[in-house]
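The values are calculated or read from the model by the stated rules, or taken from the named source; none is laboratory data. Keep in mind the model is a prediction, meaning the values are calculated, not measured. Cβ sites come from the backbone with ideal geometry, for glycine too, and all protein chains shown count toward neighbours. These accessible areas exclude ligands, DNA and RNA; they are computed on the full protein's heavy atoms, side chains included. Shrake-Rupley method; radii C 1.70, N 1.55, O 1.52, S 1.80 Å.
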Amino acid sequence: MAFVVGVGLLVLVLEMVLRYGFDNHALDWWPQPHGFIYIVYLVATANLGFKVGWSLGRMVLVMLAGVVPFLSFWAERRVAGETEARLAAARR
């Protein structure tokens, strides 16, 4: 989900550059689907956070990673690695 939100955020940045920099409205339809995708990301992050026992602060930080371009990609790799390590340790 973080990867999808990251790509969606980059498309949103492109939409804003086109709209405000070049008066091009080709991607005017994108902000609403992007908002929906971000809400799905928030729910998925909360679901994962509750299942693995994150603190509320950590959940909020991971959720906020979806509003900074490229940060969601980094956060996804870090969270996925940590979660996989916890699952592997739990299987032993």
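In region 35-55, the residues that are in contact (Cβ under 8 Å) with a residue 24 or more places away in the chain and polar (S, T, N, Q) reach residues that are open to solvent by less than 30 Å² (accessible area, probe 1.4 Å) and assigned to a helix (DSSP H, G or I) with C-beta atoms within less than 6 angstrom, at least six apart or across chains, in these pairs: T45/V62. Of everything in region 46-62, what is surrounded by 13 or more Cβ atoms within 10 Å (Cβ to Cβ), more than 15 Å from R86 (Cβ to Cβ) and not β-branched (V, I, T)? Give them in sequence order. Within region 46-62, A46, M59, L61 qualify. Within region 66-85, does at least one residue satisfy the condition of being of a type in the set (S, T, Y) and touching a residue at least 12 places away in the same chain (Cβ under 8 Å)? Yes, region 66-85 contains at least one residue that is of a type in the set (S, T, Y) and touching a residue at least 12 places away in the same chain (Cβ under 8 Å). With respect to the conditions (1) under 18 Å from the mean Cα position of the chain (by Cα); (2) in contact (Cβ under 8 Å) with a residue 24 or more places away in the chain; (3) open to solvent by 40 Å² or more (accessible area, probe 1.4 Å), Q32 falls short on a single one, namely (2).
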